[in-house]
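Visitor: Attaching a single structure in structure tokens format; questions to follow.
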Amino acid sequence: MIDHSENALRAVIKSLRDVVAPAVDPGDPMAQEQLALSLGTLEFLHSRLD
């Protein structure tokens with residue numbers, strides 16, 4: 001079975017950055033914070049996949 005974890009994480013990170021982030025209300029600091037935390041966690045996991 002092929003492990004697609006790296007590609008999947010990369011796709012989710014790109015989607016959050018390119019699609020979700022611009023749609024999040026800049027006037028909602030909680031939403032901005034949660035998005036940043038989510039991206040940070042996914043990027044950390046991606047860096048540890050090796």
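Quick note: the coordinates plus some simple rules give every number you see, no bench work behind them. Source: prediction; values computed, not measured. Neighbour counts run over all protein chains shown; Cβ positions are idealised from the backbone, glycine included.
Visitor: As an exercise, use a Förster radius of 22 Å and the Cβ-Cβ distance of Arg10 and Ser38 to find the FRET efficiency, rounded to the nearest 0.05.
Guide: Details: r = 15 Å, r/R0 = 0.67.
Step by step, r from the Cβ atoms, then E = 0.90.
Visitor: Quick one: plug the Kirkwood hydrodynamic radius of the range 1-42 (C-alpha pairs) into Stokes-Einstein at 10 °C, 1.306 mPa s, and report D in µm²/s.
Guide: Values: Rh = 11.2 Å.
Result for D is 142 µm²/s.
Visitor: About the Cα centre of the chain, what is the dipole size in debye to 20, counting +1 per Lys and Arg Cβ and -1 per Asp and Glu Cβ, all else neutral? Kindly include the intermediate steps, with their values, before the conclusion.
Guide: Values: 4 positive and 8 negative charges, 21 e Å.
Taking the Cα centre of the chain as origin, the dipole is about 100 debye.
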